[in-house]
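Reading through the structure tokens given below for one structure.
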Amino acid sequence: MKRVFLMVLDSCGAGALPDATAFGDAGTHTLRSCHQTGKLHIPQLLAMGLGNIKGLSFLGKTPQPTAMYGRAVERSAGKDTTTGHWELAGIVSDKPMPTYPDGFPSEIIDEIIQKTGREVLCNRPYSGTEVIRDYGDEQVRTGGLIVYTSADSVLQVAAHEAVVPVETLYEYCRIIRGIMQGNHAVGRVIARPFIGQDGQYTRTANRRDFSLGPPQKTMLDAIKEQGKASIAIGKITDIFAGHGVSESVLTHSNDEGMAVTSDVAKREFEGLCFTNLVDFDMIYGHRNDAAGYALALNAFDNWLGGFLPLLRPEDLLIITADHGCDPGDISTDHTREYVPVLVYGPAVTPRDLNTLPTFSDIAATVCAYLGVQYQTEGVSLL
């Protein structure tokens, strides 16, 4: 009974891609910034061969890696969660999703006001922590919705949980998801609840993503249609708008995501367990907290030491990322980077994968291993 565990360390980039300058990301390197803190201690990942990957030798090479190791290029025209995960699942997005460096046009804002019955505040690119600092008091006083964006294809909505209940905020985001279609089809509408008072506000773990549905079949659809399990942990089901998911568990932290993945590994199933660990991106990358990012990688590595013994002879573990978010960069946005790829399992023969031309090689690998028929531009690594 074959099982694949696909772990996405959200934003764990492995160095600037050749076209990074076009995205304003020349010289960025998420893992290097973490290493430079002096706090990184990841013996399990290094034993697999993370430091043997091209461009990561500063982490330290091992003479006998236990996994296949390499890095992958994002073929899609973007550097965000949606395009990154879609490509991991087999879809290459040639056309970039819309972004709004000057805020959203008046016709969009007017429709949001009309359909939600609430005022709109801000409406421009902003850091998520700074926007609630600067607009939180006004939001609490007026009950309006803080609408903002970033360099990514997103529309984010922040509101105090005591002013706009979380489920009400989710419903507003569903309404806005319906508005943001056609030429305004952003990758994600994101609910960003917060708490606190008198200018001292913090975001809660009740974030929720409302993604654009994939434009075509992904490996998740193929796996589910062909009678195997397609288990989504973390924000995976949100990223794919529920498409191709047979079972989902929404989590609120890396720790919870890792714990649920361990629980799934103790169960009987045949198919894919697809996990996203969002804290690397949300809590550390976007807040330029390189030390915190390094410590979070240490925690993952420590968990990995207990997870590997749960793997069975026919299991496959793939560890990768969806884009970068260099915590040492001057901006707080995602960064256009290679992503690391580690493929581990009792039946895997370790070797250097070098540089994969597309993330969709991951989808091809998963489907080939599970015996699932799926057409993608990627090529199986096995």
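The values are calculated or read from the model by the stated rules, or taken from the named source; none is laboratory data. A quick note: this is a predicted structure, and the numbers were derived from the prediction, not measured. Quick reminder, even Gly has a Cβ in these numbers, built from the backbone with ideal geometry, and neighbours come from all protein chains shown. Just so you know, the surface numbers come from the protein's heavy atoms only, side chains and all, with ligands and any DNA or RNA stripped out. Shrake-Rupley method; radii C 1.70, N 1.55, O 1.52, S 1.80 Å.
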Completion exercise
The answer for the net charge of residues other than Phe269 whose Cβ lies under 14 angstrom from its Cβ, with Lys and Arg +1 and Asp and Glu -1, is +1
Practice task
Give me the distance in nm between label points sitting 7 Å out from Cα along the Cα-to-Cβ direction at Val379 and Glu225, one decimal.
Solution key: 2.5
Exercise for the section: Quick one: grab the alpha carbon gyration tensor of the stretch 1-74, order the square roots of its eigenvalues as a ≥ b ≥ c, and give me rounded if a/c is under 1.5, else prolate or oblate depending on whether a/b is larger than b/c. Expected result: oblate
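Order the peptides 10-20, 289-299, 275-285 from the highest to the lowest mean number of other Cβ atoms within 10 Å of their residues.
Values: 10-20: 23.0, 289-299: 20.3, 275-285: 24.7.
Final packing ranking: 275-285, 10-20, 289-299.
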Handout entry: Cα gyration tensor shape of the stretch 49-110, rounded if a/c is under 1.5, else prolate or oblate by comparing a/b with b/c
Key = prolate
Practice task
Quick one: of Lys115/Lys217; Lys224/Lys266; Lys79/Lys235; Lys54/Lys266; Lys54/Lys95; Lys228/Lys266, which pairs are farther than 23 Å apart, Cα to Cα?
Solution key: Lys115/Lys217; Lys54/Lys266; Lys54/Lys95
Problem - the stretch 15-78 and the stretch 172-234: distance between their alpha carbon centers, rounded to Å - result: 28
Practice task
Note down the magnitude of the dipole of the stretch 146-244 about its Cα centre, charges +1 on Lys and Arg C-beta and -1 on Asp and Glu C-beta and zero elsewhere, to the nearest 20 debye.
Solution key: 240
Completion exercise
Scalar couplings 3J(HN,Hα) for the stretch 100-109 by Karplus 6.51 cos²θ - 1.76 cosθ + 1.60 (θ = phi - 60°), nearest whole Hz, x for Gly and Pro, are 9, x, 10, x, 7, x, 4, 5, 6, 4
Handout entry: Long-range HN-HN contacts of Arg192 with modeled amide H, under 5 Å
Key = Val157, Ala158, Ala159
Problem - Gaussian network model of the chain, springs between alpha carbon atoms under 10 Å - residue of Lys95, Lys61, Lys228 with greatest fluctuation - result: Lys95
Handout entry: Mean Cα-pair separation over length for the stretch 18-96, i.e. relative contact order, pairs under 8 Å, 6 or more apart, %
Key = 18
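Antiparallel as a % of all DSSP beta bridges within the stretch 118-200, to the nearest 5? Could you put the intermediate results ahead of the total?
Values: 4 of 16 bridges.
Of those bridges, close to 25 percent are antiparallel.
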Handout entry: Prolate/oblate/rounded call for the stretch 287-348, Cα gyration tensor, a/c under 1.5 rounded
Key = oblate
Completion exercise
Out of Cys325, Thr62, Leu356 - ranked by how far each Cα lies towards the positive end of the dipole of the chain, with unit charges on the beta-carbon of charged residues - the top one is Thr62
Handout entry: Sequence-separation-based contact order of the stretch 273-382, relative, with Cα cut under 8 Å and 6+ spacing, percent
Key = 21
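Rounded to the nearest whole Å², what accessible area per residue is found for the chain with the 1.4 Å probe? List each step's numbers first, then the result.
Numbers: 14290 Å² over 382 residues.
It amounts to 37 Å² per residue over the chain.
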Exercise for the section: Would you mind putting 31-43, 99-111 in packing order, based on average other-beta-carbon counts within 10 Å, highest first? Expected result: 31-43, 99-111
Completion exercise
Taking the dipole of the stretch 72-182 about the Cα centre (Lys, Arg +1; Asp, Glu -1; charges at Cβ), the one of Thr149, Ser76, Ala89 that reaches farthest to the positive side is Ala89
Practice task
For helix 128-142, report the angle its Cα long axis makes with the longest principal axis of the Cα atoms of the chain; keep it between 0 and 90° and round to the nearest 10°.
Solution key: 30
Exercise for the section: Could you tell me how many degrees, from 0 to 90 and to the nearest 10, lie between the Cα long axis of helix 254-265 and the main elongation axis, the longest principal axis, of the Cα atoms of the chain? Expected result: 50
Problem - Cβ crowding within 10 Å averaged over residues, with 74-84, 195-205, 257-267, 121-131 ranked highest first - result: 74-84, 121-131, 257-267, 195-205
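Could you tally the net charge around Ser246, taking each other residue with its Cβ under 12 Å from the Cβ of Ser246, Lys/Arg +1 and Asp/Glu -1?
On the way: positive: Lys224, Lys228; negative: Asp221, Glu225, Glu247, Glu270.
Neighbour charge sum, excluding Ser246 itself: -2.
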Handout entry: Full-extension gain in nm, His252 to Ala22, via 0.36 nm per residue minus C-alpha separation
Key = 79.4 nm
Handout entry: From phi via Karplus (6.51, -1.76, 1.60), per-residue ³J(HN,Hα) for the stretch 166-173 in Hz, x at Gly/Pro
Key = 3, 5, 5, 4, 4, 5, 4, 5
Exercise for the section: For the chain, give the share of DSSP beta bridges that are antiparallel, in percent and rounded to the nearest 5; count only bridges with both residues there. Expected result: 35
Fill in the blank from the handout: Rounded to the nearest 0.05, FRET efficiency between Lys39 and Lys266 (Cβ-Cβ, R0 51 Å) equals 0.95
Exercise for the section: Name the most mobile residue of Gly70, Gly234, Gly60, meaning the one with the largest mean-square fluctuation, in a Gaussian network model of the chain with Cα contacts below 10 Å. Expected result: Gly60
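Would you mind telling me the antiparallel percentage of the DSSP bridges in the stretch 69-210, rounded to 5? Mind dumping the intermediate values first?
On the way: 10 of 22 bridges.
Given both bridge residues lie in the stretch 69-210, the antiparallel proportion sits at roughly 45 percent.
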Handout entry: Per-residue [θ]222 nm for the chain (sum of -39500 (n - 2.57) over DSSP H runs n ≥ 4, rounded to 500)
Key = -8500 deg cm²/dmol
Practice task
Rounded to the nearest 10 degrees, what's the angle between the helix 360-370 long axis and the longest principal axis of the chain, both from Cα atoms, 0 to 90?
Solution key: 60
Problem - Pairwise FRET efficiency - Lys54 versus Lys115, Cβ, R0 = 51 Å, nearest 0.05 - result: 0.55
